[in-house]
Amino acid sequence: MKIAILGSGGREHAIAISILKSNKIRKLYCIPGNAGTSELAENISIDINNFEKIYNFLNEKKIDLVVVGPEEPLVNGIVDYLEKFNIQVFGPNKKASQLEGSKIFTKNLCQEYNIPTAAFGVFQNMKDTKKYLENSKYPIVIKADNLAAGKGVYICKNKKEALQSVKEIFEGKFGKAKNVLVEEFLDGEEMSYFIITDGKTIKNFGTAQDHKRVGEGDLGNNTGGMGAYSPSRLINKTLEEKILNKIIEPTLAGLNKLKTKYRGFLYAGLMIIKNEPYLIEYNVRMGDPECQTILPLLKTDIIDLFISCNNQNLNDLNLTWQNKKSVCVVLCSNGYPEKYEKNVKIQNFDKLKLDRKNFLFHAGTSKSENEIIATGGRVLNFVSLSESFSKAREEIHKNLSRLRWEKGFYRKDIASKVINKE
Ligand code: AMP
Ligand code: GLY
């Protein structure tokens, strides 16, 4: 098969490596890809939000399947667009992608189907929001409704902070904002729960815990994700049943009522309080870095998985996994998530010990005159599989010490919560 992956992060590099393990792959393109994908596939420099150019390329190369990594093209309807030309795409359509594209759409669905989530209010202007905030309990959570690349969420300790956040959102800090969402603060521990579905069958696609804050001890600014471990320490059979019965199934049934079907990966960001799940948000794709953490554990041929989803026979496919612990540590450019230096050389890739248990996935990297340079905030992902989380992290730290890049940093405490209990 000829396959194209859309995206340029660690998630897409991990998907590329999984695809290349299949004997069904004949040619792989990454649009636009990164230095890592350029070593195993052909990178094609097209803006993933330019659907027409993407279609022209896919048509010219007679691509059999497109796998969409990030949310933006999904929310903007790339699946609907390409399907009109009879191109097979793995990912949810525009209507279903509102689960990520509009927080208010999801909140309304939760309300209609009694899906456990934080109590909330939606406001269109400063005056009404202010009135609501007068009588609220703190901390409180303020969110912009639009896609804001992981930003656009404020946890506010008091009214003053809350008003400042609302002002920033209405002033357009995250793009044009018609609505502000005010949410009750949920005090628990977060967990990412993944499924894959063809619209009929739901299959678990792993659990993970992400580390969103930039600093050790979960302090500092929010980022796209500094590392993760899988499986989550919180998952157990009773909790999983609750997640499926109270959250996932009613959501998919709700979409069916809206005359659409969800097809693809679905990522539920959950807050777990006393073994009860509450939905914080949905993402209509795999997480990054959770994807890099989970995919190396997958034994099933990923192309079979994509095809069975598109053909609506996921029920017939047996998903199998390695029974190992997985840790991912993200190496970032100094300064991230604020300003950082670009085009900095990284060396000693040949000194790394990479094998069937130790992986390197590129994110913000490019090649320049045969050298690898850091071009993004999140640059490299080191993943290790082991019998224990501590051993996995140890292997990652050994590899990190072999690399030469003075301008990079990483969190040394990824997975500490679970390691301390091992
Ligand atoms: P979101 O973009 O909605 O996932 O929010 C980003 C982060 O903000 C989440 O991963 C949580 O850590 C935090 N968060 C969002 N909503 C809430 C809430 N209602 N209560 C507590 N924390 C929240
Ligand atoms: N790791 C968080 C995300 O992918 O949204």
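Quick note: the coordinates plus some simple rules give every number you see, no bench work behind them. Please read these numbers as outputs of a predicted model, since none were measured by experiment. Reconstructed Cβ throughout: ideal geometry from the backbone, glycine too, with neighbour counts over all protein chains shown.
Using the per-residue mean of other Cβ atoms lying within 10 Å as a proxy for protection, in what order, highest first, do the peptides 347-354, 10-17 fall? Write out the running numbers ahead of the final one.
On the way: 347-354: 11.9, 10-17: 28.2.
Descending packing order for the listed peptides: 10-17, 347-354.
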Placing unit charges on C-beta atoms (Lys and Arg positive, Asp and Glu negative, everything else neutral), compute the dipole magnitude of the chain about its Cα centre in debye, rounded to 20.
140
Protection proxy (average C-beta count within 10 Å per residue), highest first, orders 292-299, 125-132 as 292-299, 125-132
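When the helices in the chain are scored as -39500 (n - 2.57) per DSSP H run of 4 or longer and the sum is shared across all residues, what 222 nm value do you end up with, to the nearest 500 deg cm²/dmol? Kindly include the intermediate steps, with their values, before the conclusion.
On the way: 15 runs with 119 residues, N = 422.
That comes out to -7500 deg cm²/dmol.
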Taking the alpha-carbon distance from residue 130 and a cut-off under 20 Å, which aspartates and glutamates remain once sequence neighbours fewer than 8 residues away in the same chain are dropped?
145, 161, 168, 171, 183, 184
Most to least packed among 40-49, 87-96 [average Cβ atoms within 10 Å]:
87-96, 40-49
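Would you work out the relative contact order for region 226-281, in percent, from Cα pairs under 8 angstrom that are 6 or more residues apart?
Values: 29 pairs, mean separation 17.5, N = 56.
In percent, rounded to a whole number, it is 31.
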Distance cut-off 23 Å, percentage of C-alpha pairs in region 164-296 lying past it:
42
Set of aspartates and glutamates near residue 21 by C-alpha distance (under 12 Å), chain-local residues within fewer than 8 positions excluded
301, 304
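If we count other beta carbons within 10 Å of each Cβ, what is the order of 321, 405, fewest first? Don't skip to the end; give the middle numbers.
Values: 321 15, 405 20.
Taking fewest neighbouring Cβ atoms as first place, the list is 321, 405.
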Sequence-separation-based contact order of region 235-355, relative, with Cα cut under 8 Å and 6+ spacing, percent
16
Equivalent ellipsoid semi-axes, the chain, via Cα gyration tensor eigenvalues times 5, rooted, Å:
31, 26, 23
With contacts defined as alpha carbon pairs under 8 Å and 6 or more residues apart, what's the relative contact order of region 1-106 in percent?
25
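Here is the link list: 143/246; 84/178; 107/261; 95/200. Which ones come out longer than 20 Å on Cα distance? Could the numbers behind the result be given before it?
Values: 143/246 24 Å; 84/178 31 Å; 107/261 18 Å; 95/200 17 Å.
Checking Cα-Cα distances, 143/246; 84/178 exceed 20 Å.
Going by C-beta contacts inside 10 Å, put 286, 191, 271 in order with the fewest on the left.
271, 191, 286
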